[in-house]
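The values are calculated or read from the model by the stated rules, or taken from the named source; none is laboratory data. Predicted, not measured: the structure shown is a model, and the values here were computed from it. A quick note on method: Cβ atoms are made from the backbone with ideal geometry, for glycine too, and the neighbour counts reach across all protein chains shown.
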Amino acid sequence: MAAATLFISLLISGLTFWAVNTIGQDARMNDTRFGRDLGLLLAANSAPTIAEHNLSEVARNALRFYDSTSSVRYILYADEKGQIFLGIPFSEEAQVDNSLTISRRIQLPDNYDIYSQLPLVRQHLTPSGEVTDVFVPLTHKGKYLGVLAIGINPNPTTLTSSILTREITIAVFVSIWAMMILGAVFNALNITKPIKELLVGVKNIAAGNFKQRIDLPFGGELGELIVNFNEMAERLESYDEQNIEELTAQKAKLQTLVATIADGAVLLDTDLKVILANPTARRMFGWEGEELDNNILQYLPDFLTVQLTAPLNEIAAADSQEKEQTEQHKEFRITLSHPTQRTVRILLTQVLDQQRTDVKGIAMTVQDITREVELNEAKSKFISNVSHELRTPLFNIKSFIETLLEYGEDLTEKEQREFLETANNETDRLTRLVNEVLDLSRLESSKIYHLNPVDLAGPIEQTIRTYYLNAKDKKIELSQEIELDLPPVLGHYDLLLQVLTNLVGNALKFTKSGGKVVIRAYLLHPQTNQVRVEVSDTGIGIEPEDTEAIFHRFFRVENLVHTLEGTGLGLSIVKHIIEKHNSTVHLISEVGVGTTFWFDLATADDCVSNPVLGVR
Ligand code: ADP
């Protein structure tokens with residue numbers, strides 16, 4: 001900018017000086033022409049008088065001439081030898097007191113030719129300004145009489161305008177520079193400072209410091225820019241706060257999610273240092289209350305350390321040269337013995353950065369598959385049980401029918417009947433088994449059962465009737481104790497009948513001769529509107545560690561599997577049916593003393609006032 005200003009100012013000044021010069025030259029030309037004409041005129045006028053030696057007349061004429069114009073600065077007459085004999089204005093000095101007594105020689109220019117008839121004009125500078133000197137030879141009738149020298153002042157108007165122009169040019173030049181300097185100072189004070197502040201502000205904002213504000217009292221466009229900048233920073237700050245709030249909420253949600261998921265979750269960095277371990281993982285590995293701030297291998301049981309060291313290091317050091325990689329996975333199935341016996345599936349997954357180029361860590365998921373394993377085992381056991389259970393009655397049916405077919409004629413009618421009865425019983429057993437499997441799968445589905453008021457005396461009596469002969473055969477006393485005026489319960493008749501059948505069936509199965517089996521039903525407390533149903537026996541009882549497992553599908557107490565018939569489905573069906581009645585089945589048992597299974601049912605009156613329970 002300074003260079004441009006310098007260039008423009010120099011150009012303007014140059015042009016102006018050129019114009020001034022041109023004007024000066026013009027003026028000089030005019031002065032030359034004017035001086036020459038004036039000289040020729042005065043010389044022509046004076047030459048005859050000089051020839052007559054009438055010097056007083058010459059002096060008079062010259063003085064008149066001098067007084068008539070202000071353009072003439074001096075008039076000098078010199079004789080043919082160059083001796084000045086008249087000079088106007090008169091000198092103050094003694095020798096020139098009288099013009100007629102001047103005794104000085106005229107200083108002619110070098111190139112002045114006294115024999116030339118032409119005047120010579122030249123300009124020279126004196127302390128009081130430029131003078132145009134005109135030298136005109138004085139000749140009369142061909143005789144050279146001397147020289148007339150006239151000094152002409154430059155044209156005052158031209159001079160004034162040229163001086164004025166020059167001064168204006170200088171003034172313009174100076175003012176341009178003054179303005180330039182003033183502009184630079186103004187710029188530095190008014191523009192550079194806020195722009196610098198803005199630059200710092202923008203840098204801070206870019207670095208994430210949204211609290212940045214600019215406090216400068218500027219108006220105009222710059223002021224507007226500062227106001228807009230501050231508004232932008234304010235908006236960014238509020239977005240930032242919102243984002244932080246959202247991020248915090250998101251983090252809290254994720255933390256809650258990680259803390260509550262059923263699977264164990266452990267997050268490791270690439271040095272295998274534990275960054276996060278959720279409560280499930282801590283529980284599974286027995287890390288509760290432990291400070292986990294080191295390499296995970298330090299905290300794992302020895303056998304697991306041996307198994308996981310290589311895969312963990314391999315995943316952490318995975319090649320990040322590839323442009324985009326897919327996470328590596330590794331899966332292990334491990335049985336933990338501490339703190340409890342569990343089978344877990346450990347899944348190691350590589351955590352990549354957003355560009356999916358660098359490994360950021362390892363996510364370790366620990367799934368407790370104990371139940372899955374148990375179920376699979378139970379399922380296999382069930383299949384073998386069911387196969388066994390199916391094979392036995394099928395084999396029996398087939399052998400009795402074959403015998404009847406082949407040797408029926410040789411058998412007595414009584415024997416034939418017994419054979420048929422046995423085949424029939426075996427068919428019933430087969431049917432029961434198949435039905436139980438079907439019942440359970442139906443109960444485990446989300447099928448909705450409509451509950452209606454049921455008078456419990458009905459299914460209880462029907463159960464007693466079903467098992468009457470069985471109990472009699474086993475010499476077991478089978479009885480019922482139903483409270484008088486027992487209100488009807490809200491339930492499903494067939495399902496409740498199945499519950500009682502299964503429980504009484506088990507009670508008779510696991511009670512020795514001479515024992516007792518009782519079905520009880522009574523109102524718990526009038527306020528609660530709940531009816532309690534109990535099935536008690538004086539049987540072999542159940543070990544405390546089995547009291548939970550017996551309700552699992554296919555579970556049968558091991559030592560009884562091959563001694564008494566059963567599928568391991570009866571209690572599981574009971575549990576599901578009672579759950580469909582919004583209740584839970586409980587038991588109390590003592591080995592060798594007996595067992596009581598009990599559950600509570602809502603009375604039908606209660607459910608009228610609480611219709612939600614009406615449909616399930
Ligand atoms: P199962 O068809 O084998 O009887 P259940 O599911 O009905 O199957 O019962 C599971 C297991 O619970 C039985 O194998 C038995 O060991 C135990 N059990 C059930 N009822 C009784 C009882 N009244 N007394 C003792 N043990 C019982």
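The rows are residues; the columns are (1) within 60 Å of the chain's Cα centre (by Cα); (2) buried (at least 21 other Cβ atoms within 10 Å of the Cβ).
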residue: Ser479; (1), (2): no, no
residue: Tyr493; (1), (2): no, no
residue: Val499; (1), (2): yes, yes
residue: Gly514; (1), (2): no, no
residue: Val517; (1), (2): no, yes
residue: Tyr522; (1), (2): no, no
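Please determine whether any residue of the stretch 242-257 is surrounded by 13 or more Cβ atoms within 10 Å (Cβ to Cβ) and either at negative phi or outside the structural domain of Ala318 (by TED's automatic domain parsing) (or both). Working first, answer last.
The initial filter retains those residues of the stretch 242-257 that are surrounded by 13 or more Cβ atoms within 10 Å (Cβ to Cβ), namely none.
Taking every residue of the stretch 242-257 in turn, none turns out to be surrounded by 13 or more Cβ atoms within 10 Å (Cβ to Cβ) and either at negative phi or outside the structural domain of Ala318 (by TED's automatic domain parsing) (or both).
With the requirement that a residue be of a type outside the set (Ser, Thr, Tyr) and under 13 Å from Glu461 (Cα atoms), what does the stretch 475-493 give you? Quick ask: steps written out before the conclusion?
First, the residues of the stretch 475-493 that are of a type outside the set (Ser, Thr, Tyr): 475-478, 480-492.
Answer for the stretch 475-493, where residues must be of a type outside the set (Ser, Thr, Tyr) and under 13 Å from Glu461 (Cα atoms): Leu478, Gln480, Glu481, Ile482.
For Val535, indicate whether it is surrounded by 19 or more Cβ atoms within 10 Å (Cβ to Cβ), under 19 Å from Ser583 (Cα atoms) and within 12 Å of the ligand (Cβ to nearest atom).
Working: surrounded by 19 or more Cβ atoms within 10 Å (Cβ to Cβ): yes; under 19 Å from Ser583 (Cα atoms): yes; within 12 Å of the ligand (Cβ to nearest atom): yes.
When the stated conditions are applied, Val535 passes them.
Residues of the stretch 296-312 being surrounded by 14 or more Cβ atoms within 10 Å (Cβ to Cβ) and out of contact with any helix residue (DSSP H, G or I) (no Cβ under 9 Å at 6 or more places or on another chain), which ones?
Gln307, Pro311, listed by residue number.
Restricting to the stretch 542-556, name every residue that is at pLDDT 90 or above and near the ligand (Cβ under 6 Å from one of its atoms).
Those that are at pLDDT 90 or above and near the ligand (Cβ under 6 Å from one of its atoms): Ile542, Ile550.
Among the residues of the stretch 424-433, are any of a type in the set (A, V, I, L, M, F, W, C) and not in a helix (DSSP H, G or I)? Give the steps one after another, and end with the answer.
Initially, the stretch 424-433 is screened for residues of a type in the set (A, V, I, L, M, F, W, C), giving 430, 433.
So of that shortlist, the ones also not in a helix (DSSP H, G or I) come out as none.
Within the stretch 424-433, none of the residues are of a type in the set (A, V, I, L, M, F, W, C) and not in a helix (DSSP H, G or I).
State which residue pairs qualify: first residue more than 30 Å from Asp215 (Cβ to Cβ) and inside the stretch 175-194, second residue surrounded by 13 or more Cβ atoms within 10 Å (Cβ to Cβ) in any location, beta carbons under 6 Å apart, and separation of 6 or more residues or different chains.
Qualifying pairs under 6 Å: Ile176/Ser9; Met180/Thr5.
Here's the yes/no breakdown for (1) free of Cβ contacts under 8 Å to residues at least 24 places away in the same chain; (2) not in a loop (DSSP other than H, G, I, E, B):
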{"position": "Glu241", "(1), (2)": "yes, yes"}
{"position": "Gln255", "(1), (2)": "yes, yes"}
{"position": "Ala259", "(1), (2)": "yes, yes"}
{"position": "Leu267", "(1), (2)": "no, yes"}
{"position": "Glu290", "(1), (2)": "yes, no"}
{"position": "Val306", "(1), (2)": "yes, yes"}
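With respect to Thr326, is the statement that it is at pLDDT below 80 and within 33 Å of the chain's Cα centre (by Cα) true? Can you show your working first?
Details: at pLDDT below 80: yes; within 33 Å of the chain's Cα centre (by Cα): yes.
Yes; evaluated as a whole, the condition is true for this residue.
Identify the single condition in (1) within 13 Å of the ligand (Cβ to nearest atom); (2) at pLDDT below 90; (3) of a type in the set (Gly, Ala, Ser) that Gly614 does not satisfy, given that it satisfies every other one.
If we test Gly614 against (1) within 13 Å of the ligand (Cβ to nearest atom); (2) at pLDDT below 90; (3) of a type in the set (Gly, Ala, Ser), just (1) comes out false.
Any chance you could count how many residues in the stretch 210-256 are aliphatic (A, V, I, L, M) and more than 23 Å from Glu197 (Cβ to Cβ)? Break it down stepwise before answering.
At the first step, the residues of the stretch 210-256 found to be aliphatic (A, V, I, L, M) are 214, 216, 222, 225-227, 232-233, 236, 244, 247, 249, 252, 254.
Now drop any that are not more than 23 Å from Glu197 (Cβ to Cβ), which leaves 244, 247, 249, 252, 254.
The number of residues fulfilling the criteria is 5.
Pairs, please: C-beta under 8 Å, at least 6 apart or cross-chain, first residue within 9 Å of the ligand (Cβ to nearest atom) and in the stretch 557-578, second modelled with pLDDT under 60?
Filtered contacts from the stretch 557-578: Gly566/Leu560.
Residue check: is Arg235 closer than 30 Å to Gln341 by Cα and either assigned to a helix (DSSP H, G or I) or free of Cβ contacts under 8 Å to residues at least 24 places away in the same chain (or both)? Can you show your working first?
Numbers: closer than 30 Å to Gln341 by Cα: no; either assigned to a helix (DSSP H, G or I) or free of Cβ contacts under 8 Å to residues at least 24 places away in the same chain (or both): yes.
No: the conditions fail for Arg235.
Can Ile50 be described as assigned to a helix (DSSP H, G or I) and either β-branched (Val, Ile, Thr) or modelled with pLDDT of 85 or more (or both)?
Numbers: assigned to a helix (DSSP H, G or I): yes; either β-branched (Val, Ile, Thr) or modelled with pLDDT of 85 or more (or both): yes.
The answer is yes for Ile50.
For the structure I just gave you, tell me whether Asn111 is out of contact with any Gly (no Cβ under 6 Å at 6 or more places or on another chain), farther than 18 Å from Leu76 by Cα and outside the structural domain of Ile8 (by TED's automatic domain parsing). Show your work before the answer.
On the way: out of contact with any Gly (no Cβ under 6 Å at 6 or more places or on another chain): yes; farther than 18 Å from Leu76 by Cα: yes; outside the structural domain of Ile8 (by TED's automatic domain parsing): no.
Considered against the rule, which asks whether it is out of contact with any Gly (no Cβ under 6 Å at 6 or more places or on another chain), farther than 18 Å from Leu76 by Cα and outside the structural domain of Ile8 (by TED's automatic domain parsing), Asn111 comes out as no.
In the stretch 519-530, is there at least one residue being more than 7 Å from the ligand (Cβ to nearest atom), without any contact (Cβ under 8 Å) to a residue 40 or more places away in the chain and within 22 Å of Thr463 (Cα to Cα)?
Taking every residue of the stretch 519-530 in turn, none turns out to be more than 7 Å from the ligand (Cβ to nearest atom), without any contact (Cβ under 8 Å) to a residue 40 or more places away in the chain and within 22 Å of Thr463 (Cα to Cα).
Please verify whether Leu405 is assigned to a helix (DSSP H, G or I) and within 16 Å of the ligand (Cβ to nearest atom), treating the condition exactly as stated. Give the derivation first.
Working: assigned to a helix (DSSP H, G or I): yes; within 16 Å of the ligand (Cβ to nearest atom): no.
Taking the combined requirement at face value, the residue does not satisfy it.
Would you check if Asn243 is out of contact with any helix residue (DSSP H, G or I) (no Cβ under 8 Å at 6 or more places or on another chain) and at pLDDT 90 or above? Before you say what the answer is, go through the steps one by one.
Details: out of contact with any helix residue (DSSP H, G or I) (no Cβ under 8 Å at 6 or more places or on another chain): yes; at pLDDT 90 or above: no.
Taking the combined requirement at face value, the residue does not satisfy it.
Please enumerate the residues belonging to the stretch 584-597 that are under 15 Å from Gly491 (Cα atoms) and surrounded by fewer than 18 Cβ atoms within 10 Å (Cβ to Cβ).
Residues of the stretch 584-597 that are under 15 Å from Gly491 (Cα atoms), as a first pass: 584-585.
Residue satisfying the conditions is Thr584 alone.
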